[in-house]
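Enquirer: Below you will find the structure I want to go over with you.
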Amino acid sequence: MRYSRLFPKTLRAVPKGVTSPGYRLLYRGGFIRNLGRGLFSFPPLGVRVLHRLEAIIRAEMNALGGQEALAPVVNPIEIWQRSGRHHLVDSDMVTFKDRLGRDLVLATTHEEAMVEMVRTGMHSYRDLPVFLYQFQEKYRNEERTRNGLIRSREFIMKDGYSFHRSFSDLNNFFPKVFRAYQRIFAVCGLDVIAAEAGVGYMGGEKSFEFLAPSSVGDDYVIVCDKCGYAANREVAVGVNNTRLTRSGRPREMKKIHTPGCDNMARLAERLELPRSALAKTMVFSSGGDLIMAVVRADFDVSVEKLARVIGTSMLRRARPEELTERGLCPGFVSPLNLNGEAVVVVDRLAADTSNLVYGANVDGAHYVDVNFGRDFDADAVGDIARADPDAECVHCGGPLVERRAIELGNIFRLGTVYSEAMELVVNDEHGRPIYPYMGSYGIGMGRLIAAIVDAHHDDDGIIWPVSVAPFHVYIMSIGKSFAVKDAAEGIALDFGDEALYDDRHESIGTKFKDFLLLGIPFRIIVSVATASDGTVELFDRRNGETEKVSVGSVRSHVEARLEGYRSWRSN
RNA sequence: CGGGAUGUGGCCUAGUGGCUAAGGCGCCUGCUUUGGGAGCAGGAGAUCGCCGGUUCGAAUCCGGCCAUCCCGACCA
């Protein structure tokens with residue numbers, strides 16, 4: 001490829017909104033462009049990287065028996081109604097009508113569409129297992145986009161869906177996907193943490209996330225460096241250390257006036273008490289029901305844990321109107337003096353702590369010295385709080401730490417949630433109907449690119465791992481000599497599609513800078529100085545070393561070096 | 001959702017009530033230049049985000065809208 005023909009060229013500066021280092025480098029190099037909030041274009045250079053990643057993933061998926069398929073981005077709303085996930089229309093999913101007035105949605109994921117595709121060709125247990133995957137657009141109406149490709153609205157995902165005749169067959173397959181994912185990220189030069197994660201709106205029972213630690217990440221993972229325990233912040237469990245316990249003889253409950261204390265910070269300040277002496281009550285909505293979650297105010301509610309306790313996958317925070325409609329007073333909500341307005345779930349630590357401060361369900365009043373079991377009761381008590389960052393590991397007692405990370409992939413054991421909801425049925429060997437067990441497996445392609453650049457760059461530019469670099473070599477010549485230019489062009493031809501030949505009439509400095517920015521593994525320079533003895537200069541972006549190589553052997557030399565890097569990476 | 005900020009040639013910025021909106025980068029033309037984002041000369045490119053208001057006069061003041069970025073958040 002001649003650089004003079006490649007679109008686009010590098011930029012020295014980037015638009016104002018382009019902030020994080022990785023985003024800047026990708027933008028300056030010409031790998032990505034921004035079309036609007038959370039919407040990205042991939043110019044040819046970016047597509048080349050994307051294709052490398054696809055090839056790596058495709059090889060691993062095919063090795064698992066996966067078959068590539070493709071489902072449409074636009075879905076009829078009916079399939080989402082059948083799976084029961086049409087509530088996403090309110091939040092994540094965009095809906096619109098076609099010219100006949102029928103409701104369509106932009107798919108946020110493709111369980112529904114894949115189940116429908118499979119339905120048309122699967123009738124017997126003999127057709128199982130089936131593993132389909134695709135590289136497809138998703139659109140999610142993100143409330144907050146961030147850091148370029150790290151959190152965008154439209155993005156490309158590799159998503160795979162497996163169908164099994166039994167739970168044990170799914171359980172047998174699942175770890176194979178797990179290991180394939182680890183290989184994929186290793187080949188991409190990423191150190192990832194595989195963490196236990198919530199199921200969110202996917203449903204199912206168990207999921208793992210693959211996260212790349214990064215300061216620009218948007219997720220938090222709690223890890224134990226001693227035994228390797230790792231879990232998403234929402235589901236992590238820890239042993240609370242002793243400073244967290246708070247007990248004492250129950251005192252008599254009293255009502256006090258607390259005007260204006262409609263949040264925990266003000267209440268703590270007013271009463272001159274630590275947050276651990278206060279109870280925090282948050283209200284969620286599930287279906288038409290209100291769920292009241294009580295935790296101690298020095299903790300946060302984990303929506304994931306709460307959802308598990310009450311057995312639902314549809315939880316969202318209740319709106320203030322929903323509270324007032326049922327006679328609850330925002331800012332002073334509590335489980336005291338309720339008349340069945342809400343389902344009450346109390347966190348175990350809050351239940352075990354005596355003499356806490358609770359709201360009074362009227363404006364400007366709280367109760368002090370409230371004791372669970374004596375002054376109020378709950379529909380359920382359980383672990384619904386996020387793990388305290390200072391907690392100790394449940395498994396080994398080691399210290400837990402919270403890390404920021406980019407979530408690159410997620411694998412779910414869905415079970416029969418979708419096959420049952422959508423009536424995907426096959427006959428077993430006795431002629432009885434069975435619902436196939438499903439798994440679903442995603443990788444965010446844009447995030448993968450962002451994470452790779454975040455992990456592999458220096459002040460001058462990107463340093464692509466050889467497995468994903470858009471080109472293997474960058475070739476340039478110095479001087480006006482036609483012989484030198486011909487030699488450079490000859491080498492470029494020899495490398496074929498793997499060479500980026502900089503034939504522009506730019507100064508030497510510009511070409512050097514652009515090479516460093518683009519992150520191509522090797523640079524070959526042909527000049528009068530080297531041409532006289534039939535050699536070229538070979539520069540390794542990775543270690544900064546330069547060597548003289550004969551023109552005739554440069555290609556095999558580079559390929560050997562690339563191979564060396566590849567095998568070193570996969571170890 | 002909440003808070004903060006910003007919108008001026010393709011990009012970055014200056015201009016905060018008064019003459020023809022200024023500069024840098026990039027782009028185009030010519031000459032020169034080839035081992036670290038070159039030099040000289042010339043040139044093109046802007047309804048100052050949009051709508052309305054105040055004023056003799058608005059990029060500048062006021063109001064509304066739109067767009068973008070940053071921070072925070074299931075913490076009532």
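Enquirer: Tally up the residues in the range A:276-288 that are more than 8 Å from RNA strand B (Cβ to nearest atom) and either surrounded by fewer than 17 Cβ atoms within 10 Å (Cβ to Cβ) or of a type outside the set (Gly, Ala, Ser) (or both), please.
Expert: 3
Enquirer: Given (1) more than 22 Å from A:Asp92 (Cα to Cα); (2) outside any loop (DSSP other than H, G, I, E, B); (3) within 12 Å of RNA strand B (Cβ to nearest atom), identify the lone condition not met by A:Ala231.
Expert: Every listed condition holds for A:Ala231 apart from (3).
Enquirer: If I filter the range A:510-535 down to residues being of a type in the set (Ser, Thr, Tyr), within 8 Å of RNA strand B (Cβ to nearest atom) and more than 23 Å from A:Val453 (Cα to Cα), which single residue comes out as farthest from the chain's Cα centre (by Cα)?
Expert: Filtering the range A:510-535 for residues that are of a type in the set (Ser, Thr, Tyr), within 8 Å of RNA strand B (Cβ to nearest atom) and more than 23 Å from A:Val453 (Cα to Cα), the one farthest from the chain's Cα centre (by Cα) comes out as A:Thr530.
Enquirer: So which of A:Ala492, A:Ala451 ends up being over 21 Å from A:Thr10 (Cβ atoms) and surrounded by 22 or more Cβ atoms within 10 Å (Cβ to Cβ)?
Expert: It is A:Ala451.
Enquirer: Residues being within 11 Å of RNA strand B (Cβ to nearest atom), buried (at least 21 other Cβ atoms within 10 Å of the Cβ) and under 20 Å from the mean Cα position of the chain (by Cα): count how many of those fall in the range A:19-35.
Expert: Here the count works out to 1.
Enquirer: Could you grab me the full set of residues in the range A:294-304 that are near RNA strand B (Cβ under 8 Å from one of its atoms) and not in a loop (DSSP other than H, G, I, E, B)?
Expert: Correct list: A:Val301, A:Val303, A:Glu304.
Enquirer: Can you say whether A:Arg5 is of a type in the set (Lys, Arg), loosely packed, with under 13 Cβ neighbours inside 10 Å and out of contact with any strand residue (DSSP E or B) (no Cβ under 9 Å at 6 or more places or on another chain), as far as the supplied structure shows?
Expert: Yes, satisfied.
Enquirer: Looking for whichever is modelled with pLDDT of 95 or more and among the acidic types (Asp, Glu) here; the options are A:Asp191, A:Asp159. Which one fits?
Expert: A:Asp159
Enquirer: Can you pull out the residues in the range A:251-275 that are part of a loop (DSSP other than H, G, I, E, B), on the phi < 0 side of the Ramachandran plot and within 13 Å of RNA strand B (Cβ to nearest atom)?
Expert: A:Thr258, A:Pro259, A:Cys261, A:Asp262, A:Asn263
Enquirer: Another question about this same structure. Condition first: in contact with a strand residue (DSSP E or B) (Cβ under 8 Å, 6 or more places away or on another chain), among the polar types (S, T, N, Q) and within 16 Å of RNA strand B (Cβ to nearest atom). Now tell me which residues in the range A:129-149 satisfy that.
Expert: Hit for the range A:129-149 is A:Thr145, nothing else.
Enquirer: Could you check how many residues of the range A:141-167 are small (Gly, Ala, Ser) and under 20 Å from A:Leu25 (Cβ atoms)?
Expert: Of the residues in the range A:141-167, 2 are small (Gly, Ala, Ser) and under 20 Å from A:Leu25 (Cβ atoms).
Enquirer: Then there is this: Mind counting the residues in the range A:36-65 that are more than 21 Å from the chain's Cα centre (by Cα) and polar (S, T, N, Q)?
Expert: Residues in the range A:36-65 being more than 21 Å from the chain's Cα centre (by Cα) and polar (S, T, N, Q): 1 in total.
Enquirer: Right, next: Pairs under 6 Å by beta carbon, first residue under 21 Å from A:Arg12 (Cα atoms) in the range A:511-533, partner near RNA strand B (Cβ under 6 Å from one of its atoms), six or more apart or different chains?
Expert: Once the first residue is under 21 Å from A:Arg12 (Cα atoms) and sits in the range A:511-533, its partners that are near RNA strand B (Cβ under 6 Å from one of its atoms) give A:Asp514/A:Thr10; A:Leu517/A:Thr10.
Enquirer: Moving on. Just to be sure before I move on: is A:Phe471 crowded, with 21+ Cβ neighbours inside 10 Å, within 12 Å of RNA strand B (Cβ to nearest atom), at pLDDT 95 or above and aromatic (Phe, Trp, Tyr) in the structure I sent?
Expert: No: the conditions fail for A:Phe471.
Enquirer: Could you grab the pairs with beta carbons closer than 7 Å, sequence gap of 6+ or different chains, first residue in the range A:272-285 and within 16 Å of A:Asn361 (Cβ to Cβ), second one surrounded by fewer than 17 Cβ atoms within 10 Å (Cβ to Cβ)?
Expert: Final answer for the pair search is A:Leu278/A:Met264; A:Lys280/A:Met264.
Enquirer: Among the residues of the range A:126-139, is there at least one that is within 28 Å of A:Thr416 (Cα to Cα) and free of Cβ contacts under 8 Å to residues at least 12 places away in the same chain?
Expert: Scanning the range A:126-139 turns up at least one residue that is within 28 Å of A:Thr416 (Cα to Cα) and free of Cβ contacts under 8 Å to residues at least 12 places away in the same chain.
Enquirer: Also, I was wondering about something else. Take A:Lys280 and tell me if it is out of contact with any helix residue (DSSP H, G or I) (no Cβ under 9 Å at 6 or more places or on another chain), outside the structural domain of A:Leu88 (by TED's automatic domain parsing) and not in a loop (DSSP other than H, G, I, E, B).
Expert: So A:Lys280 fails the test.
Enquirer: Could you check how many residues of the range A:418-468 are within 16 Å of RNA strand B (Cβ to nearest atom) and touching an Asp or Glu at 6+ places or on another chain (Cβ under 8 Å)?
Expert: Qualifying residue count for the region: 1.
Enquirer: How many residues does the range A:223-239 hold that are aliphatic (A, V, I, L, M), under 19 Å from the mean Cα position of the chain (by Cα) and within 14 Å of A:Asp300 (Cα to Cα)?
Expert: 2
To keep it simple, each residue is scored yes or no on (1) of a type in the set (Asp, Glu); (2) near RNA strand B (Cβ under 10 Å from one of its atoms); (3) free of Cβ contacts under 8 Å to residues at least 40 places away in the same chain.
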{"site": "A:Val333", "(1), (2), (3)": "no, yes, no"}
{"site": "A:Gly340", "(1), (2), (3)": "no, no, yes"}
{"site": "A:Val345", "(1), (2), (3)": "no, no, no"}
{"site": "A:Tyr358", "(1), (2), (3)": "no, no, no"}
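Enquirer: Only one of A:Leu70, A:Leu11, A:Leu45, A:Leu53 is of a type in the set (A, V, I, L, M), within 11 Å of RNA strand B (Cβ to nearest atom) and either farther than 17 Å from A:Lys158 by Cβ or assigned by TED's automatic domain parsing to the domain that holds A:Gln182 (or both); which?
Expert: Step by step, each of A:Leu70, A:Leu11, A:Leu45, A:Leu53 is checked, and only A:Leu11 is of a type in the set (A, V, I, L, M), within 11 Å of RNA strand B (Cβ to nearest atom) and either farther than 17 Å from A:Lys158 by Cβ or assigned by TED's automatic domain parsing to the domain that holds A:Gln182 (or both).
The values are calculated or read from the model by the stated rules, or taken from the named source; none is laboratory data. Predicted, not measured: the structure shown is a model, and the values here were computed from it. Here the Cβ is made from the backbone with ideal geometry for all residues, glycine too, and neighbour counts use every protein chain on show.
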